[in-house]
Amino acid sequence: MIAVIPAAGIGQRMGSAIPKQYLQCAGASILDHAIAALLVEPRIERVFVALQPDDGWFASSQYASHPKVVRVAGGATRAESVLNGVAAALESYDKNILVAVHDAARPCLPLALLTTLLDTASKYPHLGAILALPARDTIKQADDQGAIPHIRSTLDRETIWLAQTPQVFRLGDLQHALQNAIAQGLAITDEASAIEADGGQPILVPSSRQVMKVTDPEDLPLAEFYLQNLDRDTSKE
C-alpha cells in the first residue's frame with residue numbers, strides 16, 4: 001500500500017503568513033503530523049506528497065529526506081495534486097495497489113482507525129473505503145437565493161455522513177475516476193466524489209471527531225489537545 005497527501009494549498013481561511021500545513025502544532029508542523037500518522041502503519045511503504053513547485057517550507061520538514069517520502073509537484077486544485085501523486089506512483093507501482101489519500105491538514109489520525117480502514121479496503125478493493133463521521137446535528141439545506149440564507153428543508157441525518165480522510169482506492173481506479181471528473185469539469189472536493197461520479201459506491205468506515213481538519217485558527221488548540229493525547233507508536237516510522 002502507498003499514500004498520497006495533497007499539500008499544495010495555501011489555506012486562506014486560516015489567515016496565516018504561511019500555508020496552514022506548515023503551522024506548528026504540538027511540536028511539529030501539521031503536515032509532519034499527517035505524514036507521521038501514515039508511516040506508523042507498516043503496510044504504508046511510501047508516501048507521495050504533492051507540493052507547490054516553489055514550496056520553500058518542506059525542506060525544513062523532518063520528512064524532507066525520509067526514504068519513504070517522495071515529493072511531487074502539486075496542481076492548481078486538490079484533484080490535480082492527487083492525480084499528480086497517483087501518476088508518480090504508477091511509475092513504480094501496479095495499478096491494483098491500494099492508495100490512501102490523506103489531507104495534509106488532518107494531523108490527528110489515530111493508528112487504530114487507519115488500520116481498520118486499510119483492513120476494510122483490503123477486503124473490498126473493488127469498492128474502496130473512506131473514514132467518515134455519522135452526522136449528529138440536525139442538517140438543514142439552505143436555499144441559494146439572496147444574501148441572507150434561509151432554510152429550504154431538513155435532511156434526514158440518519159443517512160448523512162461527513163467525509164474525512166484517508167480515502168483508500170485502487171491506484172488505477174482512482175486515476176481513471178479523477179481524469180474523468182477533471183475532463184467533465186466536475187467539482188471534486190474529495191476522492192470518493194470522483195469514484196462516485198465514475199459509478200462507484202465506496203464503503204463508509206465509522207470514524208471519530210478526532211480526525212478533524214484544521215481549517216480555522218480556532219481549530220489549532222483542539223488539534224494540539226488531540227495530538228498531545230494521541231497514542232501513536234512512532235517506533236514504526
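The values are calculated or read from the model by the stated rules, or taken from the named source; none is laboratory data. Being a predicted model, the structure only gives us computed values, none of them experimental. Here the Cβ positions follow ideal geometry from the backbone for every residue, glycine too, while neighbour counts run over all protein chains shown.
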* Please name all residue pairs, on different chains or six or more residues apart, with Cβ atoms under 9 Å, provided the first residue is in segment 135-151 and is under 30 Å from Val205 (Cα atoms) and the second residue is loosely packed, with under 11 Cβ neighbours inside 10 Å and of a type in the set (D, E, K, R). => Ala135/Glu158; Ile139/Asp156
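Any idea how many residues of segment 1-60 are in a loop (DSSP other than H, G, I, E, B) and either of a type in the set (A, V, I, L, M, F, W, C) or modelled with pLDDT of 95 or more (or both)?
16
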* Being over 18 Å from Ala100 (Cβ atoms) and either hydrophobic (A, V, I, L, M, F, W, C) or within 16 Å of the chain's Cα centre (by Cα) (or both) is the filter here, so list the residues in segment 197-211 that pass it. => Ala197, Arg209
* Asked: Looking at segment 139-152, which of its residues are surrounded by 10 or more Cβ atoms within 10 Å (Cβ to Cβ) and out of contact with any Leu (no Cβ under 7 Å at 6 or more places or on another chain)?
  -> Lys140, Ala142, Asp143, Pro149, His150, Arg152
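Condition check ((1) over 21 Å from Leu178 (Cα atoms); (2) assigned to a helix (DSSP H, G or I)) across all residues:
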| site | (1), (2) |
| --- | --- |
| Glu91 | no, no |
| Pro107 | yes, no |
| Thr116 | yes, yes |
| Thr120 | yes, yes |
| Ile130 | no, no |
* Among all residue pairs at least 6 apart or on different chains, which show Cβ distances below 7 Å where the first residue, located in segment 18-36, is within 15 Å of Tyr226 (Cβ to Cβ) and without any contact (Cβ under 8 Å) to a residue 12 or more places away in the chain and the second is of a type in the set (Gly, Ala, Ser) and surrounded by fewer than 24 Cβ atoms within 10 Å (Cβ to Cβ)? -> none
* Structure fact -> Restricting attention to segment 192-212, the residues that are touching a helix residue (DSSP H, G or I) at 6+ places or on another chain (Cβ under 6 Å) and either assigned to a helix (DSSP H, G or I) or closer than 27 Å to Glu91 by Cα (or both) number exactly 5
* Go through segment 136-178 and count every residue that is aliphatic (A, V, I, L, M), modelled with pLDDT of 95 or more and touching a strand residue (DSSP E or B) at 6+ places or on another chain (Cβ under 9 Å). => 7
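In contact with a Pro (Cβ under 9 Å, 6 or more places away or on another chain), of a type in the set (A, V, I, L, M) and surrounded by fewer than 22 Cβ atoms within 10 Å (Cβ to Cβ): is that true of Leu204 in this structure?
yes
State whether one or more residues within segment 41-55 are farther than 24 Å from Leu174 by Cβ, of a type outside the set (A, V, I, L, M), surrounded by fewer than 17 Cβ atoms within 10 Å (Cβ to Cβ) and free of Cβ contacts under 8 Å to residues at least 60 places away in the same chain.
Yes.
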* Structure fact -> All conditions in (1) farther than 18 Å from Pro42 by Cα; (2) under 17 Å from the mean Cα position of the chain (by Cα); (3) not in a loop (DSSP other than H, G, I, E, B) are true of Gln141 except (2)
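Test of understanding: among Thr154, Thr165, Thr189, Thr215, which residue is part of a strand (DSSP E or B), under 29 Å from Ala87 (Cβ atoms) and hydroxyl-bearing (Ser, Thr, Tyr)?
The match here is Thr165.
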* Among (1) in contact (Cβ under 8 Å) with a residue 24 or more places away in the chain; (2) part of a loop (DSSP other than H, G, I, E, B); (3) touching a strand residue (DSSP E or B) at 6+ places or on another chain (Cβ under 7 Å); (4) farther than 14 Å from Glu191 by Cβ, the one test that Asp103 misses -> (4)
